[in-house]
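The values are calculated or read from the model by the stated rules, or taken from the named source; none is laboratory data. For clarity, every value in this text was computed on a predicted model and none was experimentally measured. Glycine also receives a Cβ, built like all others from the backbone with ideal geometry; neighbour counts cover every protein chain displayed.
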């Protein structure tokens, strides 16, 4: 322990001695200009230290790229890199001293420092700042997730922080798509979002926000009114078409409700390839024997547990005829993969998703109470029993309903293979209990949080609750 303590003291002394060199400019042989070409700040540094500590500066100071000027200095110009004077000083301090005084920095400064570190190929600094943000600034990350995401998607090394941001935003995707940062997210990242089958937004909303992104990022169109595209010039329409074309095949136009497609997308027909637009119209018209040449992507559903093949049987049981609604009625339903939007009379909006280890009654009450009819889906870890359990209640979960003993009607279900069959059972009266589906004769009890009781106790892997909304009510 004494040797370790002595070593730490030696490293600390070395770091301090090296940072002192930052103020001793007489021995410097590098001038670094930071800012804009007509508005920059100048730093002096030592080429030996820069080469040793940064691959970027090692390349910049190589004989291939740099020569000393007549005054004996290498000159490096960091123009138009969006690095401020204060941030670059922190970079230099880290290069010389090997540490950053993170406690003295605002979170916004740490994010700017991460971007600068990425540009200057300082991977260790990126890793340090990422860990600091996760461990010490998680409240900020949770509150300003879109702002943090906009930074980390630009940095390949920030995988853990990106995962945290995405997990939060995919629970409430509107917070990203309607944020100021959305219009500035990189093209490649927007493509990766649109490639997801899980987004949790109405496809018309996705189209509208992608259109806004494309207009904002097309210089010829940025000041134009998107509601009056008929007044745009041919050059402006062509510029927008070239910028948005890559996204059009990723938006689920084939799965949109036909009237909404004509209303919301139709005015922008000019930016579509003619054959793509015509095929969407023919598909919506259900032309006999028509097979699109373009890929018809599946209906987008904000679930990591269900897929579109489950929606038709689930919807049919929500609308189960009254003569079949009794506690003894149960049936296996085959899932139907080929479905059209109009066949599904309901939308399913995510209210609450979490891992079984994080499931609590507090979270349940916060996110699920007073939301109207809901669908609950539970995946368990055990391989010896059905993979998925769940159920539907036709009234709100609420304190008032619990106190009055009102559990509502609905059904429970389970499946060993979600792509094959689902076993449904009607429930005439759910027990009026939090985190409990079914009647006394057939029930799933997950009031323990991370486990579910059926006939035995099983461990919950993942948990989702959806608000069920009839489309005509949207």
Criterion: on the phi < 0 side of the Ramachandran plot and exposed (fewer than 14 other Cβ atoms within 10 Å of the Cβ) - qualifying residue of 302, 228, 307, 243: 228
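Name the one entry in 285, 308, 333 that is at pLDDT below 90 and touching a strand residue (DSSP E or B) at 6+ places or on another chain (Cβ under 6 Å).
Going through 285, 308, 333 in turn, the sole match is 333.
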When the range 408-438 is examined, which residues are found to be touching a strand residue (DSSP E or B) at 6+ places or on another chain (Cβ under 7 Å) and over 21 Å from residue 313 (Cβ atoms)? 431, 436
Determine, yes or no, whether residue 303 is out of contact with any helix residue (DSSP H, G or I) (no Cβ under 6 Å at 6 or more places or on another chain), part of a loop (DSSP other than H, G, I, E, B), more than 21 Å from residue 210 (Cβ to Cβ) and modelled with pLDDT under 90. yes
Just checking, does the range 18-39 include any residue being in the same structural domain as residue 158 (by TED's automatic domain parsing), closer than 25 Å to residue 129 by Cβ and free of Cβ contacts under 8 Å to residues at least 24 places away in the same chain? yes
Restricting to the range 173-195, name every residue that is free of Cβ contacts under 8 Å to residues at least 40 places away in the same chain and in a loop (DSSP other than H, G, I, E, B). 178, 179, 185, 186
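Determine whether residue 274 is within 29 Å of residue 469 (Cα to Cα), surrounded by fewer than 16 Cβ atoms within 10 Å (Cβ to Cβ) and free of Cβ contacts under 8 Å to residues at least 12 places away in the same chain.
No.
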I'd like the full set of residues that are free of Cβ contacts under 8 Å to residues at least 40 places away in the same chain and touching a helix residue (DSSP H, G or I) at 6+ places or on another chain (Cβ under 6 Å), limited to the range 412-438. 432
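Condition (residue is in a helix (DSSP H, G or I), within 12 Å of the chain's Cα centre (by Cα), buried (at least 17 other Cβ atoms within 10 Å of the Cβ) and touching a residue at least 24 places away in the same chain (Cβ under 8 Å)) applied to the range 128-146: is it met by at least one residue?
yes
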From the option list 211, 201, single residue qualifying as within 30 Å of residue 168 (Cβ to Cβ), within 25 Å of the chain's Cα centre (by Cα) and in a helix (DSSP H, G or I) is 211
The helices (runs of 4 or more DSSP H) lying wholly within the range 26-124 that contain at least 1 residues that are out of contact with any helix residue (DSSP H, G or I) (no Cβ under 7 Å at 6 or more places or on another chain) and closer than 30 Å to residue 137 by Cα are 55-60, 85-97, 107-119
Checked against (1) under 24 Å from the mean Cα position of the chain (by Cα); (2) more than 23 Å from residue 57 (Cα to Cα); (3) surrounded by fewer than 20 Cβ atoms within 10 Å (Cβ to Cβ), residue 109 satisfies every condition except (2)
Of the residues that make up the range 426-434, is at least one surrounded by fewer than 19 Cβ atoms within 10 Å (Cβ to Cβ) and either within 32 Å of the chain's Cα centre (by Cα) or not assigned by TED's automatic domain parsing to the domain that holds residue 324 (or both)? yes
